[in-house]
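Undergrad: To start, I am sharing the structure in question, which I have written as structure tokens.
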Amino acid sequence: MNRPRLIPVLLLKNGLLVRSQLFKTHQAIGNPLSTIMRYSNWNIDELVLLDISEGEVQDLRRDDLQISYEGKGLIDLIKQISSVCHMPLSVGGGIRTLEDIQGRLMAGADKCVINSKALEDPTFIKEAAQKFGSQCIVLSVDVLLKDNGDYEVFSEGGQRATGYDPVIWVQLAEEAGAGEILLNSINRDGSGKGYDVALIKSVTSAVSLPVIACGGVGKYEDFSPGIVDGAASAVAAANIFHFFELSYPQAKKACLNVGLPMREVALGSPYFSREPHYKTVEEEDKRRQRNVEIKTTPPASLRWCTRCVYPSISAAPMEFDEHGVCMGCRMSEVKTAIPNEEWQRREKIFVDLMDSYKSPNNSNYDCVIAVSGGKDSYFQTHMIKNVFGLNPLLVTYNGNNWTDVGWRNMLRMKEVFDVDHIVVSPSVNTLKKLNRLAFTIMGDMNWHAHVGITTVPVQLAVQHKVPIVIWGEHGYLDLCGQFSMDDFPEMSYRDRLEHFARGYEWNYMVGREGLSPAQLDPWKYPSDKELFDLDVRGVYLGNYVYWEANDHLKLVQEKYGFEVSDQDFERTYRRMSNLDDMHENGVHDYLKYIKFGYGRCTDHVCKDLRAGLMTREEGIRRVNEMDPIKPKDLKRWLEYTGMHEEEFDRIADTFRDPRVWWKEKGEWKREILEMRSSHV
């Protein structure tokens with residue numbers, strides 16, 4: 001018998017992976033290569049990649065990532081994907097000719113997925129099958145359940161009605177030579193409500209072709225009904241595989257637990273390790289010799305959100321809707337509209353989740369909380385200990401860059417909350433080396449902190465056998481609308497490697513400046529087996545509790561004596577943020593400005609605009625005033641690392657993004673957002 005397959009579907013839009021909702025709303029997830037490399041670690045059954053781009057250009061929109069791709073077209077990208085893709089690969093999107101199919105197959109695809117062209121000209125299916133074989137041709141069928149209860153096939157990414165009944169259309173496709181059906185429910189897309197089993201059953205009953213069911217998965221238990229009740233040959237999903245730690249192995253486990261005869265869960269590929277292999281000497285030379293592409297005229301592609309002040313080229317993956325509004329603003333609208341009853345329901349979900357992980361064999365601790373001693377750390381611990389009545393273990397990564405007030409806040413937590421608190425302090429000499437290395441290699445001197453903060457709490461969770469690690473708000477959901485509020489995304493190794501580490505794992509640093517593997521222990525994430533056996537989950541409290549930093553600050557000041565900075569920061573007006581690291585709001589953030597033309601003030605203004613605490617005009621004035629400031633804490637960092645300012649400036653300039661910066665009469669220029677700007 002043929003084993004049922006479990007298939008992730010990746011949606012590619014203009015170079016970034018996106019999350020989809022009803023075929024209309026698209027939220028940027030990140031780098032396709034990073035995700036596919038992770039899927040190779042998981043030995044997945046098969047992969048579907050659908051390109052829904054507007055235009056031909058594929059662009060990651062930032063150049064400081066270790067895992068990146070060269071070239072600008074889809075064929076270039078498929079070639080690089082195929083080099084890290086250790087599973088059968090089906091590619092769809094933009095296929096209009098037999099030459100398009102041939103190009104994708106020659107670039108490394110095993111199958112091609114066709115949709116709109118086949119609906120325009122059904123003979124295209126026959127021609128494609130005759131030339132390349134039916135086994136290469138997958139027909140994608142996008143179906144809408146209309147108000148009158150009828151199903152109708154749509155084309156052009158779910159935008160154009162065709163008049164076809166899906167049963168009639170798949171029968172015609174089978175007769176024409178299609179080898180497989182990818183069946184998508186438009187209504188269920190991104191809903192998390194489970195498959196439309198009635199739709200699946202109607203199609204599987206009408207054809208003998210293998211049918212891949214897609215659309216609606218929100219939890220692992222949603223997969224099996226597609227096979228058991230819908231008789232699909234394979235079940236697929238897109239969004240859920242971006243949400244959780246070890247999502248594919250956990251989904252496979254859920255299917256096996258109900259008796260589906262799938263391939264067993266396999267952690268770790270013999271051909272593709274989780275930690276990337278780096279060509280040490282070649283990579284080092286490449287990074288050290290990097291030269292920014294210097295333009296002499298303003299770039300044409302930069303624009304800003306019409307609601308807040310985020311630019312289209314940003315550190316966080318960003319998408320805009322048809323009205324020019326960024327997904328961060330749209331998701332903020334969704335969060336604001338959530339009623340109190342829903343927050344109460346979410347709190348109950350959280351309580352049930354925590355209860356489900358309690359057992360006599362567990363640690364004395366109910367959870368680990370990753371804390372920096374900041375306002376969010378205080379609020380998290382307040383909720384976990386004094387509202388939910390749990391016993392947490394606090395864990396802190398000490399990056400040796402504290403402000404005085406931040407250090408006091410952190411040390412006081414164990415006393416004001418009466419909890420155990422472990423502070424992990426790596427060697428200062430090692431930290432200095434990592435500061436220098438990461439600045440030179442990726443233009444991010446705080447790599448050690450970003451990776452340390454997301455690694456040390458998970459290490460301690462595994463060591464103490466505590467499966468739940470509590471984080472605050474999901475930063476990318478909050479800033480750029482990466483996910484929906486209904487997704488409940490969790491911290492994962494893929495997020496850590498791609499977004500926090502920029503693709504640079506701890507082993508990249510081995511041998512540089514004499515660093516040994518043992519010296520890099522604080523930055524080594526637990527193995528997949530350890531994570532899987534303990535079922536480690538990194539839970540964002542902001543998914544379950546309403547999150548507004550300004551309100552939280554008042555609460556923790558009044559109840560626990562939390563201190564804010566008694567001095568203004570130079571690059572932002574908020575005095576309550578990033579007290580654990582003086583360089584986060586300073587020189588580290590200045591490097592973000594050097595790369596992308598904006599900084600921390602923009603982040604804070606966008607949050608306050610969405611909270612209704614500031615006008616856009618006032619926000620624009622603040623970011624134009626504060627984002628360009630070169631901070632005074634640079635002097636401390638230069639002395640700390642033994643670097644001269646001239647060397648710092650020379651290296652920093654090599655990271656200026658040519659999509660943002662140009663040179664005019666020997667000076668760097670960028671377009672400035674103004675109240676009268678045509679972008680507003």
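We did not get these values from a lab; they are worked out from the coordinates using the rules stated. Owing to the predicted nature of the structure, the values given are computational and were not obtained by experimental measurement. Glycine also receives a Cβ, built like all others from the backbone with ideal geometry; neighbour counts cover every protein chain displayed.
Undergrad: Report the local net charge at ASP404: Lys and Arg +1, Asp and Glu -1, summed over other residues whose C-beta lies under 14 Å from its C-beta.
TA: Values: positive: ARG408, ARG412, ARG575, ARG636; negative: GLU563, ASP566, ASP580, ASP581, ASP633.
Its environment carries a net charge of -1.
Undergrad: To continue, here is another question. Mind checking the dipole of segment 5-257: about its Cα centre, +1 per Lys or Arg Cβ, -1 per Asp or Glu Cβ, Debye to the nearest 20?
TA: 500 debye
Undergrad: What full-extension length gain, to one decimal in nm, is calculated for VAL351 and GLU415 as 0.36 nm per residue of separation minus the Cα-Cα distance?
TA: The span from VAL351 to GLU415 would gain 20.5 nm if fully extended.
Undergrad: Let me ask something additional. What shape does segment 391-511 take by its C-alpha gyration tensor, where a ≥ b ≥ c are the square roots of the eigenvalues and a/c under 1.5 counts as rounded, a/b above b/c as prolate, and the rest as oblate?
TA: oblate
Undergrad: Right, something else. Sort segment 611-680 into rounded, prolate or oblate with this rule: let a ≥ b ≥ c be the square roots of the eigenvalues of the Cα gyration tensor; rounded if a/c is under 1.5, and if a/c is not under 1.5, prolate when a/b is larger than b/c, oblate otherwise.
TA: oblate
Undergrad: Is there a quick way to get the dipole size of the chain? I mean about its Cα centre, with the Cβ of Lys and Arg at +1 and of Asp and Glu at -1; what is the value in debye to the nearest 20?
TA: 840 debye
Undergrad: For the chain, take the longest principal axis of its alpha carbons; what is the angle in degrees between that and the long axis of helix 600-610, to the nearest 10 within 0 to 90?
TA: That helix lies at roughly 60 degrees to the long axis.
Undergrad: A further question follows. Figure the gain on full extension for ARG263 and ARG408 (residue separation times 0.36 nm, minus the Cα-Cα span) and round it to one decimal in nm.
TA: So the chain would gain 46.9 nm between ARG263 and ARG408.
Undergrad: How far apart, in nm, are two points set 7 Å out from the Cα along the Cα-to-Cβ line at LYS465 and at GLU639?
TA: Output for this residue pair reads 4.9 nm.
Undergrad: Relative contact order, percent, of the chain when contacts are C-alpha pairs under 8 Å separated by at least 6 residues?
TA: Values: 1286 pairs, mean separation 93.5, N = 680.
So the answer I get is 14 percent.
Undergrad: Express as a percent, rounded to the nearest 5, the fraction of DSSP beta bridges in the chain (both residues included) that run antiparallel.
TA: 30 percent
Undergrad: Please figure out what share of the DSSP beta bridges in segment 286-670 is antiparallel and state it in percent, rounded to the nearest 5.
TA: Numbers: 8 of 23 bridges.
Here the antiparallel bridges make up roughly 35 percent for segment 286-670.
Undergrad: For LYS358 and SER205, FRET efficiency with R0 = 41 Å and r from the beta-carbon atoms, rounded to 0.05? Working shown, then result.
TA: Details: r = 45 Å, r/R0 = 1.09.
Between SER205 and LYS358 the formula returns 0.35.
Undergrad: Charges on Cβ only, +1 for Lys and Arg, -1 for Asp and Glu, centred on the Cα centroid of segment 361-506; of ASN364, HIS474, PHE388, which one is farthest towards the dipole's positive end?
TA: Farthest along the dipole direction, towards plus: ASN364.
Undergrad: Something else now. Apply the a/c threshold of 1.5 to the C-alpha gyration tensor of segment 440-493 and tell me whether it is rounded, prolate or oblate.
TA: Since a/c reaches 1.5 but b/c is at least a/b, the shape of segment 440-493 is classed as oblate.
Undergrad: Only bridges whose two residues both fall in segment 13-129 count here: according to DSSP, what percent of them are antiparallel, nearest 5?
TA: Bridges in segment 13-129 are about 45 percent antiparallel.
Undergrad: Using the alpha-carbon centroid of each, what span in Å lies between segment 482-498 and segment 626-642?
TA: 32 Å
Undergrad: Would you grab the residues whose amide H sits under 5 Å from the one on TYR540? Only those 5+ places off in sequence or on another chain, please, with H modelled 1.01 Å from N.
TA: Here TRP471, MET491 satisfy the definition.
Undergrad: Sticking with this structure for a sec: At 7 Å along Cα-to-Cβ for each site, give me the label-to-label distance between VAL428 and LEU256 in nm.
TA: Roughly 4.9 nm, to one decimal.
Undergrad: What list of ³J(HN,Hα) values in whole Hz, one per residue of segment 528-535 in order, does the Karplus curve 6.51 cos²θ - 1.76 cosθ + 1.60 (θ = phi - 60°) give from phi, with Gly and Pro shown as x?
TA: 4, 5, 4, 5, 5, 5, 8, 6
Undergrad: Along segment 451-458, what does the Karplus equation 6.51 cos²θ - 1.76 cosθ + 1.60 (θ = phi - 60°) give for ³J(HN,Hα), rounded to whole Hz, x for Gly and Pro?
TA: For segment 451-458, the Karplus curve yields 6, x, 5, 8, 10, 4, x, 6 Hz.
Undergrad: Still on this structure: If I take R0 = 51 Å and measure r between the Cβ atoms of SER82 and LEU145 in this structure, what FRET efficiency does the formula 1/(1 + (r/R0)^6) give, to the nearest 0.05? Write out the running numbers ahead of the final one.
TA: Details: r = 36 Å, r/R0 = 0.71.
It comes out at approximately 0.90.
Undergrad: Under 8 Å for C-alpha pairs, at least 6 residues apart: give me the relative contact order for segment 1-55, rounded to a whole percent.
TA: On the way: 71 pairs, mean separation 26.4, N = 55.
Relative CO of segment 1-55 lands at 48 percent.
Undergrad: What do you get for the angle between helix 587-596 and the principal long axis of the chain? Use alpha-carbon atoms, 0 to 90 degrees, nearest ten.
TA: The angle comes out at about 40 degrees.
Undergrad: Could you point to the residue in GLN519, GLY92, VAL458 farthest towards the positive end of the chain's charge dipole, with +1 and -1 charges on the Cβ of Lys/Arg and Asp/Glu respectively?
TA: Checked the options; the winner is GLN519.
Undergrad: Compute the long axis of helix 428-442 from its Cα atoms, compare it with the longest principal axis of the Cα atoms of the chain, and write down the angle in degrees, 0 to 90, nearest 10.
TA: Tilt of helix 428-442: around 50 degrees.
Undergrad: Of LYS13/LYS607; LYS595/LYS665; LYS348/LYS375; LYS414/LYS524; LYS72/LYS632; LYS630/LYS665, which ones are farther than 28 Å apart at the Cα?
TA: Beyond 28 Å between Cα atoms: LYS72/LYS632.
Undergrad: Let me ask another. Can you figure out the FRET efficiency of ARG3 with LEU613, using R₀ = 56 Å and their beta-carbon distance, to the nearest 0.05?
TA: E(calc), rounded to 0.05, equals 0.55.
Undergrad: Under a no-solvent Debye model with one identical scatterer per Cα of the chain, what's log10 I(q)/I(0) at q = 0.08 Å⁻¹?
TA: Per q value, in the given order, log10 I(q)/I(0) is -0.62.
Undergrad: Quickly rank 168-175, 146-153 as a protection proxy: mean count of other C-beta atoms within 10 Å, highest first.
TA: In decreasing order of mean packing, 168-175, 146-153 become 168-175, 146-153.
Undergrad: Given SER140, VAL228, ILE78, which one lies farthest toward the positive end of the charge dipole of the chain, if we put +1 on the Cβ of every Lys and Arg and -1 on the Cβ of every Asp and Glu?
TA: Toward the positive end, the furthest listed residue is ILE78.
Undergrad: When the dipole is taken about the Cα centre of segment 402-560, and only Lys, Arg (+1) and Asp, Glu (-1) are charged at their Cβ, what size is it in debye, to the nearest 20?
TA: Taking the Cα centre of segment 402-560 as origin, the dipole is about 720 debye.
Undergrad: Quick one: which residues, 5 or more positions from LYS295 or on another chain, have an amide H under 5 Å from its amide H? H modelled 1.01 Å from N in the peptide plane, none for Pro or chain starts.
TA: Residues meeting the amide H criterion: LYS663.
Undergrad: For segment 315-354 and segment 501-525, what is the separation of their Cα centres, given in Å?
TA: Between the Cα centre of segment 315-354 and that of segment 501-525, the gap is 35 Å.
Undergrad: Find the cysteines in the chain that fail to meet the 4.7 Å Cβ criterion with every other cysteine, and list them.
TA: Here CYS85, CYS112, CYS136, CYS214, CYS255, CYS329, CYS367, CYS480, CYS601 come out as lacking a disulfide-compatible partner, given the Cβ-Cβ threshold of under 4.7 Å.
Undergrad: Quickly work out the ASP521-to-TRP343 label distance, labels modelled 7 Å from Cα along the C-beta direction, and quote it in nm with one decimal.
TA: 4.3 nm
Undergrad: Here is a further query. Please report the spacing between the Cα centers of segment 127-191 and segment 236-276 in Å, no decimals.
TA: Using only Cα atoms, the two centres lie 27 Å from each other.
Undergrad: Kirkwood Rh over Cα pairs of segment 1-139 into Stokes-Einstein at 10 °C, 1.306 mPa s: D in µm²/s?
TA: Numbers: Rh = 15.6 Å.
Translational D for this selection: 102 µm²/s.
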